[in-house]
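The values are calculated or read from the model by the stated rules, or taken from the named source; none is laboratory data. None of these values were measured; they are calculated from a predicted model. Methodologically, a virtual Cβ is constructed for each residue, glycine included, from the backbone with ideal geometry; neighbour enumeration extends over all protein chains shown. To get the accessible areas, we keep the full protein, side chains included, count just its heavy atoms, and leave off ligands, DNA and RNA. Shrake-Rupley method; radii C 1.70, N 1.55, O 1.52, S 1.80 Å.
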Amino acid sequence: MTRGSTRRQVLAALAALGVAGCAIRRGVKARVVIVGGGFGGASCARALRDADANIDITLVEPNTRYLACPLSNLVIGGWRSLEQQSFSYGALQARGIRVLATRAADVDPVARTVTTATGATLPYDRLVLSPGVSLDFDGLPGYDAAAAKLMPHAWSAGAQTLLLRRQLEAMPDGGTFAIVAPDNPYRCPPGPYERAAVVAYYLSQSKPRSKVLILDAKDRFSKQSLFLSEWRRRYGKQVEWQGRSDGARVVRVDAIAGQVETEFDTVRADVTNVIPPQRAASIAVRAGVADASGWCPVDAATFESTLQRDIHVLGDAAIANAMPKSAFSAQAQGRLTATQILSFFNGLPPVSTKLINTCYSYLAPESAISIADVFAPDGQRWRAVSGAGGVSALDATPEDRRGEADAALRWFDTATVGAFG
């Protein structure tokens, strides 16, 4: 066995354990620019730095603090504060990662540079785009940034989260809280349905004559059997779900009138939470890595763009096929991308490995359900490994549900420390 092949096997073994090897660029300091400081981008930056102290890493993120979307539904329900969702980039800076509090304005894939909103030009050897999603205000007639001030989406944690919470608190007893759920794909597939449960819990305690109405653009959704069963058991008629086959797909919004039009009806609610269609953030379009779908095709093994060389796209913006657009997925993809970049800098082939995703959804303050899957690269696609995943049991005990709620908090603490700690 040659020395090179031994080294290759060691690196692959370390990567399988979540540990990266050392990057070697003799006489040249490798430059990596990462756009987007969420779970994917921050985890990628940290994994690269932990692997090699000499890589020049720049993280471009306009926000000075990250407001996490996972668990933000609990802020709407009043179980959690927005401050508990807020994380600093100080620990990444302390590790020697340059964090620029500005927006990435443009990418030149030929010159291999990123231009920031402040006019700085950042050269890169490898670029990682983890920019998240943009709300597609062209995808739902009548719904735009102005309408969102009246009918909040609350699909990014922050001011919109607090606005929706205030509207919920002000809603009269006997009122209706409507959730407009989009068609796939979108960030956090179970999110609208967790939100329905969280709101229903609040209503059951504070406004028992009120209800939650879900107007869905699709007929199938993540953890559907579990949600439907638990809604009925816990909240009875306080939660009503209508799918596309029921004519519930919303086709137009009139925020001034406070109503939405479905395919067969006009619905007026006391509070309307509109979650619009989504697409990859606009920087992905400017970088030339988004296709006609609005999302970014990538090589399954490396998350390198299939449209532009030396650019990796991960997290919500990427087309990862069976892998859902979740924080757990983004973090796993960020770490894998770091490993593949290290392999590139070392002149080694990409590592082949599986990724997992686990998603928790709250039903009540001490009750949650989950879904888990294992994914493997298969050519240009990520596919779910048959028989390797699972969902919470329909007949689980209250202790089981409480255990999942505790596990959700432990995952969040572990994930945020892994990205921002």
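Using the alpha-carbon atoms, what tilt in degrees (0 to 90, nearest 10) does helix 398-420 show relative to the longest principal axis of the chain? With both axes taken from Cα atoms, the answer is about 40 degrees.
Taking the chain as a Gaussian network of alpha-carbon nodes connected by springs under 10 Å, the highest mean-square fluctuation of the residues THR272, THR302, THR102 belongs to THR102. Could you let me know the centre-to-centre spacing of region 204-272 and region 25-96, using Cα atoms, in angstrom? Going from one Cα centre to the other spans 35 Å. When you work out D = kT/(6 pi eta Rh) for region 236-385 at 25 °C and 0.890 mPa s, using the Kirkwood radius from C-alpha pairs as Rh and the Stokes-Einstein form, the result is 134 µm²/s. Along its first, second and third principal axes, ordered by size, region 215-310 spans 53, 35, 22 Å in Cα coordinates. Computed from Cα positions, the angle between helix 191-206 and the longest principal axis of the chain comes to roughly 40 degrees. Taking the Cα atoms of region 249-290, the ratio Rg/Rh between the radius of gyration and the Kirkwood radius comes to 1.21.
For the pair SER293 and VAL110, what calculated FRET efficiency results from E = 1/(1 + (r/R0)^6), where r is the Cβ-Cβ distance and R0 = 25 Å, to the nearest 0.05? E between VAL110 and SER293, to the nearest 0.05, is 0.55. The residues of the chain expose, per residue, 42 Å² of accessible area to a 1.4 Å probe. Near LEU59, the amide H atoms lying under 5 Å from its own belong to ILE34, ARG98, VAL99, LEU100; only residues 5 or more places off or on other chains count, and H is placed 1.01 Å from N. Computed over Cα pairs, the Kirkwood radius of region 19-159 leads via Stokes-Einstein (0.692 mPa s, 37 °C) to a diffusion coefficient of 193 µm² per second. Amide H contacts under 5 Å for ASN273: ALA178, ILE179, VAL180, restricted to partners 5 or more places along the chain or on a different chain, H placed in the peptide plane at 1.01 Å from N. Quick check of the Kirkwood formula: for region 319-421, what is the inverse mean of 1/r over all pairs of different Cα atoms, in Å? So the Kirkwood estimate lands at 15.3 Å.
Rg over Rh for region 83-228 works out to 1.07, using Cα positions for both radii and the Kirkwood form for Rh. Rg and Dmax of region 150-299, both derived from C-alpha coordinates alone, stand at 16.2, 51 Å. Average projection, convex hull of the Cα set of region 171-214: 2.9 square nanometres. By how many degrees, 0 to 90 and rounded to 10, does the Cα axis of helix 159-170 deviate from the longest principal axis of the chain? Taking Cα atoms only, the helix is inclined about 20 degrees. Summing charges over all other residues whose Cβ lies under 12 Å from the Cβ of ASN184, with Lys and Arg as +1 and Asp and Glu as -1, gives +2. Annotation for ALA170 and ALA101: the two label points, set 7 Å from Cα along the Cα-Cβ direction, are 3.1 nm apart. Please give the residues of region 193-211, grouped as numeric ranges, whose backbone N is less than 14 Å from a label point set 7 Å along the Cα-to-Cβ vector of ALA396. Once the point is set 7 Å along Cα→Cβ of ALA396, 194 turn out to lie under 14 Å by backbone N, inside region 193-211. For region 285-348, the orientation-averaged shadow of the C-alpha convex hull comes to 4.3 nm² (one quarter of the hull surface). Structural descriptor for region 308-421: relative contact order 22 percent, calculated from alpha carbon pairs under 8 angstrom and at least 6 residues apart.
Among the lysines of the chain, pairs that are 8 or more positions apart or on different chains and have alpha carbons within less than 20 Å of each other number 6. Given their separation in residues at 0.36 nm each and the Cα-Cα distance between them, LYS149 and THR306 gain 52.8 nm when the chain is fully extended.
Amide hydrogen proximity for ARG80: with H placed 1.01 Å from N in the peptide plane, the residues at 5 or more positions away or on another chain lying under 5 Å are VAL75. Per residue, the convex hull spanned by the alpha carbons of region 138-197 comes to 106 Å³.
Each of SER229 and SER86 was given a label point 7 Å from its Cα along the Cα-to-Cβ line. The distance between the two points is 4.0 nm. Run a plain Debye calculation on the chain (Cα atoms as equal point scatterers, no solvent) and give log10 I(q)/I(0) at q = 0.07 Å⁻¹, rounded to two decimals, same order as the q list. Result of the Debye calculation: -0.34. Here's the picture: charge each Lys and Arg Cβ at +1 and each Asp and Glu Cβ at -1 in the chain, and of SER222, THR113, CYS69 the one pushed furthest to the positive end of that dipole is THR113. Over the chain, DSSP H runs of length four or greater, each weighted -39,500 (n - 2.57), average out per residue to a 222 nm ellipticity of -9500 deg cm²/dmol.
Heavy-atom surface analysis with a 1.4 Å probe gives region 131-190 a carbon and sulfur content of 55 percent of its accessible area.
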